Every structure is written in structure tokens, then in C-alpha cells.
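The values are calculated or read from the model by the stated rules, or taken from the named source; none is laboratory data. Here the structure is a predicted model, which means the values were calculated and not measured. Note: ideal-geometry Cβ built from the backbone for every residue, glycine included; neighbour counts use all protein chains shown.
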Amino acid sequence: MQKNFYSLITAIAALCAVSCDAITGCPADEANSYAKAIELTRKSVDGERFKIYSVSFMEMSELSNDLGLVTVKMVNKDDQAFSQSYYLSGLEPTDLREVQSVFESPEYETTIGIDLGKLSPETIAAQIAQAKTMLPEGHTFKSVGCYEIEEEVPAGMEHYNRNKVMGRQTASFTIRFTEDGKETESSAGKTSIIYYEGKATVNPDGSLSIEDN
């Protein structure tokens, strides 16, 4: 379980930096939020031109539990891989960014692609709810940092293909929580939020495996 320190001033500044228009009001642990995010992604990605091999649903800022950003990685018919992000607040999407082929060099024909229509918001929310019950005693859930589905694709360097099962799709998510009564620490007028982060991987049978980062 990874222990993190997040400046309270930084947290306040982050909230101030994000305009009211950018705050989505979409809790990152609720099904309806993922339904909106999936629909946004479906409308944004041209399924005739691209296959998605990675999709990440992320909170806007640490511990906000505000689902506001979707980042996808996709490959076109010329075997070029790109990443792009979309905002639930309605902000303009980011420019396409080319993915480094050293680590990811997918081919369109052999990439299965993540079927957005088969993603279940209710199942995602249920998995997160289950993870909450697995928190250590005396700790409180704060947010879902990121929920992602990834398909294993070839890398440009063979070294990075070890132990890969090409085409396998895996879902995982990070959950952030604090220890009751020990949420902050202060010194010399400065205060930091202390939180922990764990990673949950969804097994083929639907059960969860929790990893300490």
C-alpha cells in the first residue's frame, strides 16, 4: 500500500485552477458517471478508422473523486498509434499524440480492440463498491484515481514483449483512501494530506485482486 503526501495548499490550488465549467459533478464511484464517460468516448472516437486498445477513466485532481477525463490509445489502419483525451465537462479534446513505438507498436489487423458497447457501468461501479469493503479497518475511501481497460499489444522492441499475451484485455483501477484520525500532517505552517493508494485488478472470474503499490 503506497503512502502519499499531497499538499493541502496544492489541493486548494488545484480546485481553484479547475474552473466551475471543468468540474463535472460525476462521482468516480458511480455507474451513471461511467455511462456518461463511455458515451463521450464512443462519440469522440471514429470506430471506422481506429481500434481502441486502452481506455482510462480518471478523476480531475487527486482525491476529488470527480470523474472528468477519459484518455484512449488507439491504432489506425496504417498501424499508427495515438493517444487522445476527452473531458466530461465539455472542454475541447486534446490533440492527437503519437504513442512511442518502443513500448507499444500495435497492428490494426491483429488488434482486437476494446468494445465500448460491452463495457457495463453497473459492473464497474459494483467492482469499486467491492474494493471499498476490502479497505483495511480504520481507513476511509476518498476517491477512484483511475479505472482502465487495456489490451496487450506488441512493443517495438522484443524485450518488452516478454510474458505478454497479445489480445488479452484486463481491467484495473486505483483506489485512494486515508487512515482515520491521521489524514493530515503539519509542520512550519504547512499541511499535507496523507493518503494511501491500492491497485485492484479484475480477474477473469470477476473477482478482485488487490495489490499494494
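Assorted remarks:
- Residue match in the range 72-79 (condition: at pLDDT 95 or above, touching a Pro at 6+ places or on another chain (Cβ under 9 Å) and surrounded by fewer than 19 Cβ atoms within 10 Å (Cβ to Cβ)): yes
- Residues in the range 88-102 that are part of a loop (DSSP other than H, G, I, E, B) and closer than 26 Å to residue 68 by Cβ: 88, 89, 90, 91, 92, 93, 94, 95, 96, 99, 100.
- Extreme residue, surrounded by the most Cβ atoms within 10 Å (Cβ to Cβ), among residues of the range 184-213 that are farther than 30 Å from residue 51 by Cβ, free of Cβ contacts under 8 Å to residues at least 12 places away in the same chain and not hydroxyl-bearing (Ser, Thr, Tyr): 189
- Within the range 113-133, restricting attention to residues that are part of a loop (DSSP other than H, G, I, E, B) and touching a strand residue (DSSP E or B) at 6+ places or on another chain (Cβ under 6 Å), the residue that is surrounded by the most Cβ atoms within 10 Å (Cβ to Cβ) is 114.
- Residues that are at pLDDT 50 or above, among the hydrophobic types (A, V, I, L, M, F, W, C) and not in a loop (DSSP other than H, G, I, E, B) within the range 1-48 comprise 31, 35, 37, 38, 40, listed in sequence order.
- Residue match in the range 40-61 (condition: within 28 Å of residue 196 (Cβ to Cβ), buried (at least 20 other Cβ atoms within 10 Å of the Cβ) and out of contact with any strand residue (DSSP E or B) (no Cβ under 7 Å at 6 or more places or on another chain)): yes
- Considering 101, 143, 64, 85, the condition of being out of contact with any Phe, Trp or Tyr (no Cβ under 7 Å at 6 or more places or on another chain), surrounded by 14 or more Cβ atoms within 10 Å (Cβ to Cβ), among the small types (Gly, Ala, Ser) and over 25 Å from residue 197 (Cα atoms) is satisfied by 101 alone.
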